[in-house]
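J.: Structure incoming, see below.
Since every read-out is calculated from the coordinates, none of them should be taken as a lab result. Here the structure is a predicted model, which is why all the values come from computation and not from measurement. All Cβ positions, even for glycine, are placed from backbone atoms using ideal geometry, and neighbour counts span all protein chains on display.
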Amino acid sequence: MQLIDETGTTHADDTYAMPSNERLVAAYRALVNGRRLNDQCSALVRQGRLAVYPSSHGQEACQVAASLVLSENDWLFPTYRDTVAIVNRGVTPEEALVLLRGDWHSGYDPKHTRVAPQATPLATQLLHAVGLAHAATLRGEDTVVMALCGDGATSEGDFHEALNFAAVFMVPVVFFVQNNEFAISVPLAKQTHAPSLAHKAIGYGMPGQRVDGNDVAAVMAVLDEAVERARGGGGPSLVEAHTYRMQAHTNADDDTRYRERDEVKAWVERDPLTRMRAYLSAAGAWSAEDDSALAAEAETMASALRDALNREVEVDPEDLFRYVYASRPAHLDRQWNKLKDELERTAAFEATGAAGGGTTESGTKEQKS
């Protein structure tokens, strides 16, 4: 399903209506800020300020739409690649990046933000999403849960268990698969023999829809319907957004080993930002002055993020063992004592080395002088 193509031309659909220009302007602002966030985070990885960053450059339409269709009381269950969705849901960029920097398990309070911690294991968050949505139903709440995953997660057992349970118990959850063509280096053809990932919905007895994942208007329209159905007691849905991962999986991946450059270039023309900019401009809803103001807004966000990530954080190694259980069991005590001993011996060794290094440095200075 597509409402706006890569040239900005509209395509009417009998089932899904075009979102209002007001909502699309909000979406475009989020797209531009999301792109700037992706690019800034990639730069911070190269500077050693972030341990890793799985960029969603090119997939921002999926991220933005998933966050904009939810109400205040709904929940978002993201993956490691969904930082833009998290930030657009209200988490600050600095808080969202605590996990990827390696400082702590999560930098925000899930209960306060209604955004679950980012999940690194594939598909595990889908089970958590179903559990929360089922609990909300039992409590008589009208909460809807948006559960995000990539195409690689659909090959996991947890994906099957989550969809099966959700369908049997009519749980108010929307499974939103961002099919970006690769599970790290494994192409979609090695992930499934089904005509599409949306077809998998048939086997679970729930509605399934495939949408152009670079068309934010279409993704919002499809997710709007799925959220409304879930809130009205209609049960779960599966939405597959067909998009493309423009950059490498992470900084640890060399994508030139498994895909051709011409393939990547072909997707540049389908960029979600350029098509929405073209549509809004033609509709008289966006101007060059708006571009300048939005660019300044994005740079302010990026500057604040750089300042935050350039501040050194002192972490407590024992935090790794806190909060796992209400009372720490003996085996975690043993692990902590082993780590503590290693840290103390390392510190003593470095102190000795520093003393020797001081002699060396002093010697070097003497040579220079």
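J.: Toward the positive end of the charge dipole of the chain, about the Cα centre and with charges on Cβ (Lys, Arg +1; Asp, Glu -1), which of Leu24, Leu3, Leu100 goes farthest?
T.: The residue sitting farthest along the positive end of the dipole is Leu100.
J.: Also: Cross-link candidates for Lys200: which aspartates and glutamates have Cα within less than 16 Å, leaving aside residues fewer than 8 places away along the same chain?
T.: Answer for Lys200, where 16 Å is the Cα cut-off: Asp151, Glu156, Asp158, Glu161, Glu240, listed by chain and number.
J.: Moving on to the next point. Which percentage, to the nearest 5, of the DSSP beta bridges contained in the stretch 83-224 is antiparallel? All intermediate terms of the calculation are to be shown ahead of the outcome.
T.: Values: 2 of 8 bridges.
Expressed as a percentage, antiparallel bridges in the stretch 83-224 total about 25.
J.: Next question, about the same structure. Give a quick list of trypsin sites (Lys or Arg not before Pro) in the stretch 90-184 that DSSP marks as loop, anything other than H, G, I, E or B, with at most 11 other Cβ atoms within 10 Å. The partial results should precede the final answer.
T.: Numbers: sites: Arg101, Lys111, Arg114, Arg139; in loops: Arg114, Arg139.
Passing both the DSSP loop test and the Cβ count: Arg139.
J.: Check Gly107: other-chain or 5+ apart residues with amide H under 5 Å from its amide H, H built from backbone geometry?
T.: Correct list: Val98, Leu99.
J.: Is the stretch 169-232 rounded, prolate or oblate when judged by the Cα gyration tensor, a ≥ b ≥ c being the square roots of its eigenvalues, rounded requiring a/c under 1.5 and prolate requiring a/b larger than b/c? Please report the intermediate quantities before stating the final value.
T.: Details: a/c = 2.43, a/b = 1.43, b/c = 1.70.
Here the stretch 169-232 falls in the oblate category.
J.: Place +1 on the Cβ of every Lys and Arg and -1 on the Cβ of every Asp and Glu in the chain, take the dipole about the Cα centre, and give the residue among Ala153, Gln191, Thr346 whose Cα lies farthest towards its positive end.
T.: Sorting the options by dipole projection puts first Thr346.
J.: Now for a different question. Under a straight-distance cross-link criterion of Cα-Cα below 19 Å, which aspartates and glutamates are reachable from Lys265, leaving out those fewer than 8 residues away in the same chain?
T.: Cα-Cα hits under 19 Å: Asp5, Glu6, Asp39, Glu60, Glu181, Asp212, Asp215, Asp253, Asp254, Asp255.
J.: Same structure again: Taking every DSSP beta bridge with both residues inside the chain, roughly what % is antiparallel (nearest 5)? Kindly include the intermediate steps, with their values, before the conclusion.
T.: Values: 3 of 25 bridges.
Roughly 10 percent of the beta bridges in the chain run antiparallel, per DSSP.
J.: Here's something else I'd like to know. Based on the mean of other Cβ atoms within 10 Å per residue, sort peptides 44-56, 191-203 so the most packed one is first. Show your work: numbers first, answer last.
T.: Values: 44-56: 18.0, 191-203: 15.9.
Packing order, densest peptide first, comes out as 44-56, 191-203.
J.: What shape does the stretch 70-175 take by its C-alpha gyration tensor, where a ≥ b ≥ c are the square roots of the eigenvalues and a/c under 1.5 counts as rounded, a/b above b/c as prolate, and the rest as oblate? Could the numbers behind the result be given before it?
T.: Details: a/c = 2.27, a/b = 1.31, b/c = 1.73.
Oblate.
J.: Please identify the longest segment of the chain free of exposed GluC sites (Glu not before Pro), where exposed means a DSSP state other than H, G, I, E or B and no more than 13 other Cβ atoms within 10 Å. Walk me through the intermediate numbers first.
T.: Working: sites that count: Glu72, Glu141, Glu260, Glu269, Glu312, Glu314.
Here the longest segment lacking exposed loop sites spans 142-259.
J.: How would you classify the stretch 1-156 from its alpha-carbon gyration tensor, with a ≥ b ≥ c the square roots of the eigenvalues: rounded for a/c under 1.5, else prolate if a/b is greater than b/c, otherwise oblate? Before the final figure, lay out each step's value.
T.: Values: a/c = 1.72, a/b = 1.10, b/c = 1.56.
The shape class here is oblate.
J.: For n ≥ 4 DSSP H runs only, could you compute -39500 (n - 2.57) per run for the chain, divide by its residues and tell me the 222 nm figure to the nearest 500? Working shown, then result.
T.: On the way: 14 runs with 182 residues, N = 369.
Per the formula, -15500 deg cm²/dmol.
J.: Additional query: Using Cα positions and a limit of under 19 Å, work out the aspartates and glutamates in reach of Lys338, with same-chain residues fewer than 8 apart set aside.
T.: Asp316, Glu318, Asp319, Glu350
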